[in-house]
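The values are calculated or read from the model by the stated rules, or taken from the named source; none is laboratory data. Being a predicted model, the structure only gives us computed values, none of them experimental. With ideal geometry, Cβ positions are generated from the backbone for all residues, glycine too; neighbour counts draw on all protein chains shown.
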Amino acid sequence: MMALPPVPTPKQLLVHYSADEWEEFIYEWVMALKEAEYVDVVRMGGSNDRGADIAAFMTSSKTDGRWDCFQCKHYDKALGAATAYPEILKIHSAVAEQQYRVLPERYVFVAPKVGGSLVQLLAKPSALSSGFFEWAGKNVVKLEQEYGGGSLQRALDLAHRSDFSRFEAGNLDKILKQHAATAHHVRRFGTPLPDRPASLPAPPEHAPEEARYVQQLLDVYCEKWGCSAISPDEARTHPKASRNLQRQREAFYRAEQLRIFARDSVPPGTYESLQEGVYSGVVEVEEDDFATGYDRLKAVLAAARDMQLGTNVLVQVVDPDDRKGICHQLANEDRLTWVQEDEQ
């Protein structure tokens with residue numbers, strides 16, 4: 001039997017990205033740093049990016065205050081000094097011409113491959129500075145055509161006063177490790193979802209945010225067993241209603257925990273898509289004629305348990321209680337109703 005080809009690793013996939021895909025990936029990574037390090041992150045890439053593809057701000061003053069710059073480079077060959085030097089000139093020119101008020105505290109070249117000679121230069125800022133000015137001197141005629149009106153000299157004057165230790169190259173292994181903690185990683189690379197945390201029990205007291213679906217269950221118990229539809233106290237002491245209520249609340253909270261897991265593990269809208277899939281699969285069951293709301297509740301929960309959920313990435317971690325809980329989330333929004341008016 002022929003062996004299947006190995007699945008490409010994220011690092012191998014990144015090598016084949018387009019420039020736009022690479023910048024989007026780096027933006028996702030920098031956004032993951034935002035909570036701990038930055039007040040905002042902005043994509044500034046384009047033909048007139050003024051030396052910054054992605055700007056990360058440490059204060060509300062943005063580029064007028066402390067900020068970091070991430071310059072995205074994606075080529076077939078490794079990033080070298082010949083590509084880095086023009087970018088170093090560009091950022092100094094942007095500040096010298098007051099397009100930015102101050103130089104970034106960190107200027108990070110991010111490329112899938114960085115040449116060894118550039119790595120060595122970035123590790124020794126004095127050598128990087130010397131190499132930069134040597135390059136500028138050799139290319140002064142061409143650069144004066146590009147940076148006219150004295151702007152080249154102003155940029156070089158600023159560079160002479162600049163601390164070249166601000167320039168560095170992003171470590172791709174570290175970037176991927178940090179990106180793996182974002183909600184984008186699974187979608188982008190098709191990797192397995194992280195393990196879900198252990199489920200927590202439903203709190204003893206009913207919370208305001210579960211009021212509507214609990215009220216719908218009380219309507220069911222009132223119709224089925226004569227419990228009060230106004231307060232859950234009678235349902236809590238009824239031998240059958242109490243057990244049913246506890247199971248439904250556990251399922252609701254299980255689904256709420258899945259919602260939080262999805263928020264942190266998959267792209268926005270993924271959980272909502274799962275909810276819509278469940279709704280689409282059960283709504284016609286809910287619309288059928290039933291003798292009681294209890295019968296409708298049981299039929300809808302059974303349909304949710306048995307239905308195919310399609311290709312949503314969360315299918316990897318969904319269990320039967322999640323499916324039931326999603327039905328109660330829908331009931332909480334009055335999108336599903338157990339005891340309908342013509343049955344009361």
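Remark: pairs (first residue in the range 105-125, within 19 Å of Ser162 (Cα to Cα) and touching a residue at least 60 places away in the same chain (Cβ under 8 Å); second residue assigned to a loop (DSSP other than H, G, I, E, B) and among the hydrophobic types (A, V, I, L, M, F, W, C); Cβ separation under 8 Å; 6+ apart in sequence or on different chains) = Glu105/Met58.
Residue count for the range 103-118, restricted to those that are farther than 22 Å from Tyr17 by Cα and under 30 Å from the mean Cα position of the chain (by Cα): 5.
Cβ-Cβ distances below 9 Å connect the following pairs, each with a first residue in the range 166-182 that is part of a loop (DSSP other than H, G, I, E, B), a second residue that is aromatic (Phe, Trp, Tyr), and a separation of six or more residues or different chains: Gly170/Trp29; Gly170/Phe70; Gly170/Phe109; Ala180/Phe189; Thr182/Trp29. Candidates in the range 293-319 are the residues that are under 24 Å from Arg263 (Cβ atoms) and polar (S, T, N, Q); of these, the one that is surrounded by the fewest Cβ atoms within 10 Å (Cβ to Cβ) is Thr311.
Counting only strands (runs of 3 or more DSSP E) that sit wholly inside the range 21-139, not one has at least 1 residues that are basic (Lys, Arg) and buried (at least 21 other Cβ atoms within 10 Å of the Cβ). Screening the range 193-226 for residues that are in a loop (DSSP other than H, G, I, E, B) and of a type in the set (Gly, Ala, Ser) and picking the one that is farthest from Val317 (Cα to Cα) gives Gly226.
If the condition is being over 20 Å from Glu250 (Cβ atoms) and either under 23 Å from the mean Cα position of the chain (by Cα) or at pLDDT 95 or above (or both), then the range 325-343 contributes Asp334, Arg335, Thr337, Val339. Among the criteria (1) closer than 19 Å to Val214 by Cα; (2) under 27 Å from the mean Cα position of the chain (by Cα); (3) without any contact (Cβ under 8 Å) to a residue 24 or more places away in the chain, the one Lys298 does not fulfil is (2).
Looking across Asp322, Asp288, one residue alone is modelled with pLDDT of 95 or more, acidic (Asp, Glu) and surrounded by 17 or more Cβ atoms within 10 Å (Cβ to Cβ). It is Asp322. Considering only residues in the range 169-200 that are in contact with an Asp or Glu (Cβ under 7 Å, 6 or more places away or on another chain) and of a type outside the set (A, V, I, L, M), the one that is modelled with the highest pLDDT turns out to be His179. Of all the listed residues (His206, His184, His179, His160), the sole one being out of contact with any Phe, Trp or Tyr (no Cβ under 6 Å at 6 or more places or on another chain) and closer than 30 Å to Trp22 by Cβ is His184. Considering only residues in the range 183-231 that are among the β-branched types (Val, Ile, Thr) and in contact (Cβ under 8 Å) with a residue 60 or more places away in the chain, the one that is surrounded by the most Cβ atoms within 10 Å (Cβ to Cβ) turns out to be Val220.
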